[in-house]
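The values are calculated or read from the model by the stated rules, or taken from the named source; none is laboratory data. This is a predicted model, so every value here is computed, not measured. So basically every Cβ, Gly included, is an ideal-geometry build from the backbone, and we count neighbours across all protein chains shown.
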Amino acid sequence: MKVIRTEFKEVLILQPDSFSDNRGYFMETYHRERYEQLGIGTFFVQDNVSYSVRGTLRGLHYQYPHGQAKLVQVVRGEIFDVAVDIRLKSPSFGKWVSIVLSEENKRQLYFPEGFAHGFCVLSDEALVHYKCSDFYSPKNEG
């Protein structure tokens, strides 16, 4: 797996290994021990799938005080993905990182609790899969 560092030491862009042949490809999208070796010890408790059409803007979403670390990947299509540091005492408060995630580049974006998340769909449609470290809590959502 290739790891690309961002300006935030806690936010990582990951590119899992993909094995292709004439039938298609195989890719392991999460393996707890391997991710722990990269410094991602997050225990994920919920997986979500979001389907959207071109131009859809989702976010910026966050939960407080029940924050959610997330591991985001596009299964179909392409998105412009953004994570914003909303930790009030952080020296990087209000700063953000962005990446284009797509089915072609197979990259993932990982960010810990304390970040707001949003994306805009660049392709005709997009299917986004993401893992969360805490359960969805409507009363704590912003």
Identify the single condition in (1) assigned to a loop (DSSP other than H, G, I, E, B); (2) surrounded by fewer than 17 Cβ atoms within 10 Å (Cβ to Cβ) that Glu113 does not satisfy, given that it satisfies every other one.
-> (2)
Only one of (1) surrounded by 12 or more Cβ atoms within 10 Å (Cβ to Cβ); (2) more than 18 Å from Ser102 (Cβ to Cβ) fails for Arg58. Which number is that?
-> (2)
Is there any pair with a first residue in region 64-77 that is at positive phi and a second that is of a type in the set (A, V, I, L, M) and outside any strand (DSSP E or B) whose Cβ atoms are under 9 Å apart and which are 6 or more apart or on different chains, and what are they?
-> Gly77/Leu122
So Tyr51, is it aromatic (Phe, Trp, Tyr), crowded, with 18+ Cβ neighbours inside 10 Å, touching a Leu at 6+ places or on another chain (Cβ under 8 Å) and in a strand (DSSP E or B) = no
Residue match in region 95-105 (condition: among the β-branched types (Val, Ile, Thr), buried (at least 18 other Cβ atoms within 10 Å of the Cβ) and over 13 Å from Gln68 (Cα atoms)) | yes
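Yes or no, residue by residue, for (1) of a type in the set (S, T, N, Q); (2) out of contact with any Gly (no Cβ under 6 Å at 6 or more places or on another chain); (3) modelled with pLDDT under 95; (4) farther than 24 Å from Ala126 by Cα:
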{"residue": "Gln15", "(1), (2), (3), (4)": "yes, yes, no, no"}
{"residue": "Tyr25", "(1), (2), (3), (4)": "no, yes, yes, no"}
{"residue": "Glu33", "(1), (2), (3), (4)": "no, yes, no, yes"}
{"residue": "Leu38", "(1), (2), (3), (4)": "no, yes, yes, yes"}
{"residue": "Thr42", "(1), (2), (3), (4)": "yes, yes, no, yes"}
{"residue": "Val53", "(1), (2), (3), (4)": "no, yes, no, no"}
{"residue": "Leu60", "(1), (2), (3), (4)": "no, no, no, no"}
{"residue": "Gln68", "(1), (2), (3), (4)": "yes, yes, no, no"}
{"residue": "Leu71", "(1), (2), (3), (4)": "no, yes, no, no"}
Confirm whether Gln73 is buried (at least 19 other Cβ atoms within 10 Å of the Cβ) and not in a strand (DSSP E or B).
-> no
